[in-house]
Amino acid sequence: MSEIAEGLGGVMEGALAGRAVEPADGESKGGVTQFQPEECANCGAMVTTTFCPQCGQKRKVHRSLAVIGHDLIHGVLHLDGKFWLTLPLLVFKPGKLTRRYINGERAKFVSPMAMFLFSVFAMFAIFQMLGLSAPIDLEGDASAQLTALVESERENVTQQIEQIDAELASDDLDQAQRIELRIEREQLETDLTALDNRGRNLTRWLTAGNPGFLNDLATQGELQIADAEERLNSLPAGSEEYRDLAAEIASAEKGLADLAEFRPVAQESDPFIEEDLTVSFVQTGVEPLDAFLTKWNKNPSLMLYKLQANGYKFSWLLIPLSIPFVWLVFAWKRRFKAYDHAIFVTYSLSFMSLLFIAVSLAGSFGAPVPLVVLPLLIIPPVHLYKQLRGTYEIGRFSALWRLLLLSIFIWIVLILFLQALLLLGAF
């Protein structure tokens with residue numbers, strides 16, 4: 001439920017961000033109906049139409065929760081009413097939309113940056129709701145975590161022993177209380193010894209790939225069970241001590257059965273584990289790089305979370321990274337400027353985000369795998385081809401070879417973007 005709430009919040013955040021950068025031009029102002037002159041509550045000008053000619057505020061200001069709800073829905077979903085005019089052109093005639101916007105038809109359409117912000121935030125929000133976000137529950141340095149766990153438990157047992165010693169030093173205890181405390185202390189000492197031995201052995205087995213520890217553990221368990229069964233035979237059947245010891249034997253036998261199921265798994269993985277294996281990165285000698293690698297080694301969960309969070313926070317970096325490559329395939333055509341390429345790239349990225357949303361939703365509703373994979377393979381190049389032809393008004397062959405070249409450049413841009421995210425995640 002929290003992921004759904006976060007996802008909805010992301011959609012609203014993207015829509016409101018798009019609204020913030022979207023100009024107000026093109027919104028219906030009404031203003032043709034005449035009213036009696038009335039002073040504007042905002043600027044004090046005399047208003048005779050639906051909107052103030054001075055500041056643009058509505059003549060009538062309503063105070064109700066319904067107005068707040070309307071403003072919220074309008075701000076998040078409506079996008080000035082231009083969204084539903086922009087979306088069909090973006091999907092089916094991207095080149096026509098881009099060219100018309102470049103030529104000056106701005107008031108009719110959602111601006112490229114507003115559409116980009118909305119689509120990217122919505123895409124990551126949908127991913128969050130569908131559970132498609134990158135896993136962030138990775139384990140870090142296994143040996144370090146296990147050692148810390150053993151040390152923490154050892155410290156806890158040691159504190160209990162010290163507390164018992166302090167109580168035994170008191171003169172207020174009777175003989176029965178002292179005997180009880182000494183028995184408890186002996187049990188804690190046994191636990192501490194087992195924790196030291198087994199803790200070190202388990203750590204060594206996990207980090208050095210020594211499944212022999214499991215064999216030793218099984219042998220010790222079998223010997224203890226055999227000894228307990230001998231003592232059980234000497235006890236009167238039906239006595240309380242007999243029932244307790246029989247229950248302990250049954251529990252130990254269950255533990256051995258569980259261990260027997262685990263041992264083959266460890267033995268199968270043994271050929272892939274080298275002796276004295278340690279999890280660490282090779283030091284490069286470059287201090288910033290070594291610090292970055294150390295962070296990934298110590299806490300990959302945090303680093304992956306930062307990488308994921310930066311993915312949509314800095315998604316706008318895809319625009320400046322892509323513009324030079326688009327300029328490169330039109331470098332000798334002076335008619336097209338960097339602004340044209342920026343509009344082209346931003347609208348294209350917006351469509352790709354919406355495509356990922358559609359495909360993800362289709363997959364979540366049980367669509368067959370071909371219906372999920374094929375659109376991702378076919379639609380992007382077809383859409384890019386149509387946008388190239390319409391935006392730059394070029395022929396089929398010119399658009400085709402530029403499409404092939406841009407297909408290579410796209411991978412370069414993605415690699416550069418990933419490197420930027422890794423660099424941002426290092427701080």
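Descriptive notes on the structure:
- Members of region 386-409 found to be touching a residue at least 40 places away in the same chain (Cβ under 8 Å) and open to solvent by 20 Å² or more (accessible area, probe 1.4 Å), listed by number: Lys386, Arg389, Gly390, Glu393, Leu405, Phe409
- Residues in region 21-41 that are more than 25 Å from Ala114 (Cβ to Cβ) and at pLDDT 55 or above: Thr33, Gln34, Phe35, Gln36, Pro37, Glu38, Glu39, Cys40, Ala41.
- Qualifying residue in region 353-374 (condition: within 19 Å of Pro112 (Cα to Cα), open to solvent by 30 Å² or more (accessible area, probe 1.4 Å) and either polar (S, T, N, Q) or in a helix (DSSP H, G or I) (or both)): yes
- Selection from region 315-336 of residues that are open to solvent by 20 Å² or more (accessible area, probe 1.4 Å) and farther than 22 Å from Val110 by Cβ: Leu321, Pro324, Phe325, Trp327, Leu328, Ala331, Trp332, Lys333, Arg334, Arg335
- Here the helices (runs of 4 or more DSSP H) wholly within region 70-181 that include at least 2 residues being under 25 Å from the mean Cα position of the chain (by Cα) and at pLDDT below 85 are 112-130, 142-168.
Residue by residue, here is whether (1) assigned to a helix (DSSP H, G or I); (2) at pLDDT 65 or above; (3) under 24 Å from the mean Cα position of the chain (by Cα); (4) more than 30 Å from Ser119 (Cβ to Cβ) holds:
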site: Leu256; (1), (2), (3), (4): yes, yes, no, yes
site: Leu277; (1), (2), (3), (4): no, no, no, yes
site: Leu293; (1), (2), (3), (4): yes, yes, yes, yes
site: Lys306; (1), (2), (3), (4): yes, yes, yes, no
site: Trp332; (1), (2), (3), (4): no, yes, no, yes
site: Arg335; (1), (2), (3), (4): no, yes, no, no
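- Some residue of region 320-338 being of a type in the set (D, E, K, R) and touching a helix residue (DSSP H, G or I) at 6+ places or on another chain (Cβ under 6 Å): no
- Close pairs from region 158-177: first in contact (Cβ under 8 Å) with a residue 24 or more places away in the chain, partner among the hydrophobic types (A, V, I, L, M, F, W, C) and assigned to a helix (DSSP H, G or I), Cβ under 6 Å, at least 6 apart: Gln160/Leu188; Ile161/Leu188; Ile164/Leu181
- Those residues of region 228-241 which are in a helix (DSSP H, G or I) and open to solvent by 80 Å² or more (accessible area, probe 1.4 Å), in sequence order: Glu230, Arg231, Asn233, Glu240, Glu241
- Near pairs, Cβ below 7 angstrom, 6+ apart or cross-chain, from region 305-325 (closer than 18 Å to Ser407 by Cβ and free of Cβ contacts under 8 Å to residues at least 40 places away in the same chain) to any residue that is open to solvent by 50 Å² or more (accessible area, probe 1.4 Å) and part of a helix (DSSP H, G or I): Ile323/Ala338
The values are calculated or read from the model by the stated rules, or taken from the named source; none is laboratory data. Predicted model only: the values in this text are computed from it and were never measured. Using ideal geometry, Cβ is built from the backbone for each residue, glycine included, and neighbour counts are taken over all protein chains shown. Note: areas computed on protein heavy atoms with side chains; ligands, DNA, RNA excluded. Shrake-Rupley method; radii C 1.70, N 1.55, O 1.52, S 1.80 Å.
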